[in-house]
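The values are calculated or read from the model by the stated rules, or taken from the named source; none is laboratory data. All values derive from a computational prediction rather than experimental measurement. Because the Cβ atoms are built from the backbone with ideal geometry, glycine has one as well, and the counts that use them run over all protein chains shown. Areas reflect the complete protein model, heavy atoms only, side chains present, ligands, DNA and RNA absent. Shrake-Rupley method; radii C 1.70, N 1.55, O 1.52, S 1.80 Å.
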Protein chains: 2
Amino acid sequence: MSAAPISFAAHPGSYRHWRLDVDGAVATLTLDVDPDGGVAPGYELKKNSYDLGVYIELNDAVQRLRFTYPQARAVIVTSALNRMFCAGANIGMLAQAEHSFKVNFCKFCNETLAAIEDAGQSGQVYIAAVNGTAAGGGYELALACERILLADDGSSTVSLPEVPLLGVLPGTGGLTRLTDKRGVRRDLADVFATTAEGVRGQRAVDWRLVDVIARPTEFDAAVRRLAEEVTRARGPGPAAGASDLAGIELTPLSCYATEDSIRYEHVRVDLDRRAATATLTIAGPAEPVSLAGLHAAGAGAWPLAAAREMDDAISRLRFGEPELGTWLLKTAGDPAAVLATDEMLLAGAAAGDWLAGQVTGLWKRTLRRLEATSRSLIALIEPGSCFAGTLLELALAADRQYMLDGVFDDGPGDQEPAALTVGRMNAGPLPAASGATRLAIRFGASTVGSGGSPPRASAGGSGGSPPRASTAQLDAALDAAGKPLAAADAVGLGLVTAAPDDLDWDDEIRLVVAERAGFSPDALSGLEASLRFAGPESTETKILGRLSAWQNWIFLRPNASGPRGALRRYGTGQRADFDRKRV
Amino acid sequence: MSAAPISFAAHPGSYRHWRLDVDGAVATLTLDVDPDGGVAPGYELKKNSYDLGVYIELNDAVQRLRFTYPQARAVIVTSALNRMFCAGANIGMLAQAEHSFKVNFCKFCNETLAAIEDAGQSGQVYIAAVNGTAAGGGYELALACERILLADDGSSTVSLPEVPLLGVLPGTGGLTRLTDKRGVRRDLADVFATTAEGVRGQRAVDWRLVDVIARPTEFDAAVRRLAEEVTRARGPGPAAGASDLAGIELTPLSCYATEDSIRYEHVRVDLDRRAATATLTIAGPAEPVSLAGLHAAGAGAWPLAAAREMDDAISRLRFGEPELGTWLLKTAGDPAAVLATDEMLLAGAAAGDWLAGQVTGLWKRTLRRLEATSRSLIALIEPGSCFAGTLLELALAADRQYMLDGVFDDGPGDQEPAALTVGRMNAGPLPAASGATRLAIRFGASTVGSGGSPPRASAGGSGGSPPRASTAQLDAALDAAGKPLAAADAVGLGLVTAAPDDLDWDDEIRLVVAERAGFSPDALSGLEASLRFAGPESTETKILGRLSAWQNWIFLRPNASGPRGALRRYGTGQRADFDRKRV
């Protein structure tokens, strides 16, 4: 792949692969991939096959629909081609891509599909109008939509041909969504995922692969009917007054990148190639943001701008700086202003203000993107920081939290000791991918089933065994909401990993960073993914955590990516040459 | 590794690595690994490190304790060495092992640890008396126990040094059990799993890594106290009368293996190397087994013997026949006798008969072992088969179920058409690893959270969308319990994948087998693992499904297994040479 930095910015006015049309309550996203528009040379995007660039535009469209077109209740995803909805990820691109690019490409696609599903929560329901064949990732895009309508034209099929044709798995959640979202019987899912030519017509309905089929002459009417049903079923919008639904324009982020830094308005990234770290610093709001101010400033308002900048920084670093294995997370600003802005968002969302809800939702997804990132995340809580409420979630998403006990001796004279503050945003509105809050996961207060095993043996408590992690610690942390917590209190409540004082701080952080840089990056990725997805599971964690791990493994095996593997031989006319051994 | 076939048979009288002592309600398993007793040449099992052979004996001991020593309520696991409990899996063995062996070795260890946890359900609680350092797999063994007591001698630690020392993950569930079973905070788990020297003393208690610490002079008394508490807390045994607790001897399985078959008394395996299949046929009981007959015949009674044979066959095929990628599952016998035996086991277990409960539990674990096997599983339901109740679970565990519609034209004249029968064993007593029944998973009647996404959009049902998979199909299947179902009924109830008639049967099965043999074995492993673990999750599925997938991936990466990888360089004095790129 080309090493040129990838930009995650896009705008409907300059999409190369999508067309976005909004007509009142119904929006339409039409896929029309420019075969010559790949982000890297060496492959042609035929048959609406996609690469990262197509998904960067889709990601932009999904986000823009939420902020710029809040009146849209139904979003129809369809294709401009004749009898071809989408052929999935481009094989030439996959065959030539490095392993780390493939993994990050799949992850970005998965996150975009999760955002499509998440949009339903804000009343924007996606409908796949599959007006031609949907293969592999093309069908997985449809699976992320809440409804799937398939053209009944005798030729259009849905399929997951990855196993039979490419020797890999459907890489973007298809298998999990078949069984867990759509309720496809697992033996039929097995037949389907090993049938290269796919399934069409009534059988696709019978197997639950699609919801409805329609003949070509009736297709458009059926799509309209489905969209009308969806919009009707949703009732009036989140805010009844039409004027309240005036969307806001997502203006381009201002971003200035040098060799060793990326600077946005509220987010700064400092790159230290020697130490193999990136330091991400988010500045809090200069003053509390009001609901009126949020609507007036739109994309310029702090909570929206900071989330968009953070989101962009994560994607840029994932793809562009794979050797910076540790991210240090910092904040700077006034915790009270963060908490006041949080309260504004919570009150606004509770009162049905659509924008307050969308901004909170964007933070939720950005925090999940952070947590799904294969880098060690270390939060540094220092004097002058504002780890409170929404920004405290950054620390809770991290693998470890280090907090300075007191002030820096050589810092400014008016330093307040480092503090952090739990807020209402930590109690529910920003759940991790499993649906549980990060605090609940941290304290083991959200459980996973034991598969028929009994609860832990309890011998009456007299054996000196500590009580099982429970809601007690969670309750204690939530009870402290609103109070700035000094290091000793934060340690006592279990909110930070360690709290060195000024004497030890530099050495301790240097040691942690150096240690991390010395470990196997693969082992760290597995370790972090396992611990971050502690506790309960959801479709999203199953896709990001488990299905992706299998895909990583399979991508790496010679049977897929070796010179005689299925991925490399696809389209050459030669059959793959498999090592038949099962593990 | 040596290609000599591995035997999974063991007996306390000839253990090389364990000592099993039973003293009334307290049993003790003492680890004392013979350094020269490895199952393959080329490594020395120093410091109570283990290889597959050590776990084969442990697996035998766990099973034997349940059947031969039902009076044992507490099982103490400890070490015969001075200041060394167990150093974990032997690194020399891992470094020289093939990838497929490593994966299967970890899986067998994981299943043994799951059996230890499962034993608690039958009232046999494991206590780890960690009288020395427990490193890596050694600590993971302790984590599978319900209580962990650590010697507070100033030197004994618990540790998971895999990430810092070996560049791999703890391979047998350690990370998942830390957070999800013991409630260790995930940032502390991160520190712990990256600290090669481990944690000892009070800190180990504070972090929930162990339950209790005790000084060497008080250690034995503390162990005894814990064991007494456990046995007291359990109250009187599952059956009050001591005579009812007369254990049964697990006699050696009779097994006759040739180049192309393995024959037990009730299970026969036919190997077809050309088609790359193994056909496993289980014969049902010749007549219904009574509870008295079960106790009298002991290991010779059908339900126990057949389960043990099946279990042994699975392990032998996993390790010994990696290129036979498809297993065809058949049964032969009288379905009524299977169902009557099921009823005896259910009534016995309900009345508190310990042996009836243990036999059911062994079937549960054997079915889970089958389902965790990386082979395509195809059930063939033919005339003369007895897929009913417990044996129907074999079919439900399979990836697909093919059922002959009617009889074979060239079969015997008195054939009854193929039939299958749902029984009470399919409604709960034999749950899959997630804790849900296979029927509930099949029909999507056991759900997984959506991570904060809303339930599927419902537009009033007028959009032609089929109803969401629900309990309706499950209820219909359970309502048919006890009735022999012909192919058409089985298809209608969604219990089989397809039902070809005599004309098509041979061609269809041949095609399925040939198709399977042509696919990438890796992609099939990922596909099957994903679909078999549809629905809810448990600690066991997280370990077998997700953690294992990460471990597979990491084992394969050059950073671990390459010539300059951490696993290969361990102990050479040379540091591993890592590709620093993060995925």
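Worth pointing out:
- Taking a ≥ b ≥ c as the square roots of the eigenvalues of the Cα gyration tensor, the range A:268-343 is prolate, since a/c reaches 1.5 or more and a/b is larger than b/c.
- Against chain A, whose longest principal axis comes from its Cα atoms, helix A:52-68 is set at around 70 degrees.
- Solvent-accessible area per residue in the range B:526-579 equals 33 Å², computed with a 1.4 angstrom probe and all protein chains kept.
- The 1.4 Å probe gives accessible areas that order A:Glu382, B:Glu249, largest first, as B:Glu249, A:Glu382.
- Of all accessible heavy-atom area on chain B, the percent that carbon and sulfur account for (1.4 Å): 50
- Over 17 Å [Cα-Cα, the range A:476-556], rounded percent: 67
- Annotation: the antiparallel percentage among DSSP beta bridges lying fully within the protein assembly as shown is about 30.
- Förster radius 41 Å - calculated FRET efficiency between B:Thr217 and B:Glu265, Cβ distance, rounded to 0.05: 0.20
- Crossing angle, helix A:335-350 versus chain A [Cα axis fit, 0-90 degrees, rounded to tens]: 40
- Compactness of the range A:340-430 is given as radius of gyration and Dmax, 15.2, 48 Å, from Cα positions.
- Tail fraction, Cα-Cα pairs, the protein assembly as shown, threshold 40 Å, whole percent: 46
- Separation of the range A:159-235 and the range A:479-507, taken as the distance between their Cα centroids, equals 50 angstrom.
- A:Arg83 - accessible surface, heavy atoms, 1.4 Å probe, Å² rounded to 10: 110
- Considering all C-alpha pairs of the range A:179-220, those separated by over 13 Å amount to 56%.
- Solvent accessible area, Å² - B:Cys86, 1.4 Å probe, full protein context: 0
- Angle of helix A:521-532 to the longest C-alpha principal axis of chain A, folded into 0 to 90 degrees and rounded to 10: 80°.
- Sorted largest first, extent of the range A:239-305 alpha carbons per principal axis (Å): 55, 23, 15
- Cross-link pairs A:Lys181/B:Lys330; A:Lys330/A:Lys364; B:Lys330/B:Lys364; A:Lys102/A:Lys181; B:Lys102/B:Lys364; A:Lys102/B:Lys107 - those with Cα-Cα distance over 20 Å: A:Lys181/B:Lys330; A:Lys102/A:Lys181; B:Lys102/B:Lys364; A:Lys102/B:Lys107
- With its label point put 7 Å out from Cα toward Cβ, A:Gly293 sits 8.2 nm from the same residue's point in the other copies, in order from shortest.
- FRET efficiency, B:Ser254 to B:Glu287 (Cβ-Cβ, R0 22 Å, nearest 0.05): 0.60
- Dipole magnitude of the range B:290-425 about its Cα centre (Cβ charges: Lys, Arg +1; Asp, Glu -1), debye to nearest 20: 720
- Distance between the C-alpha centres of the range B:300-350 and the range B:75-122: 25 Å, rounded to the whole angstrom.
- Residue mean of other protein chain beta carbons inside 10 Å, B:124-131: 1
- Pairwise burial A:B, computed as accessible area of each alone minus the pair, summed, 1.4 Å, Å²: 11400
- Toward the positive end of the charge dipole of the range A:507-557, with +1 on the Cβ of Lys and Arg and -1 on the Cβ of Asp and Glu, the farthest Cα among A:Phe555, A:Gly535, A:Val512 is that of A:Phe555.
- Accessible area of B:Glu197 in the full protein assembly, 1.4 Å probe (Å², nearest 10): 130
- Ordered by 1.4 Å accessible area with all protein chains kept, B:Asp34, B:Asp23, B:Asp334, B:Asp507 run largest first as B:Asp23, B:Asp507, B:Asp334, B:Asp34.
- Counting Cβ atoms of other protein chains within 10 Å of each residue's Cβ and taking the mean over peptide A:554-561 gives 5.
- Local net charge near B:Thr179, Cβ-Cβ under 9 Å (Lys/Arg +1, Asp/Glu -1): +4
- Whether chain B is rounded, prolate or oblate, judged on the alpha carbon gyration tensor where a/c under 1.5 counts as rounded: prolate
- Think of a 1.4 Å ball rolled over the protein heavy atoms: the range A:287-440 then has 26 Å² of accessible area per residue.
- Using the Cβ-Cβ distance between A:Ala80 and A:Gln202 with R0 set to 22 Å, the FRET efficiency from 1/(1 + (r/R0)^6) comes to roughly 0.25.
- For chain A, the mean residue ellipticity at 222 nm estimated from helices alone is -11500 deg cm²/dmol, where every DSSP H run of n ≥ 4 contributes -39500 (n - 2.57) and the total is divided by all residues, rounded to the nearest 500.
- For the range A:1-114, accessible area per residue (1.4 Å probe, heavy atoms of protein chains only), Å²: 35
- Accessible-area loss of 20 Å² or more (1.4 Å probe, protein heavy atoms, chain alone versus all protein chains) is found in the range A:174-191 for A:Leu175, A:Thr179, A:Asp180, A:Lys181, A:Arg182, A:Gly183, A:Arg185, A:Arg186, A:Asp187, A:Asp190, A:Val191.
- Counting only DSSP beta bridges with both residues in chain A, the antiparallel share comes to about 30 percent.
- Surface listing: A:Asp405, B:Asp118 arranged by accessible area from highest to lowest gives A:Asp405, B:Asp118, probe 1.4 Å.
- For residues of A:8-18, the mean tally of beta carbons on other chains within 10 Å: 0
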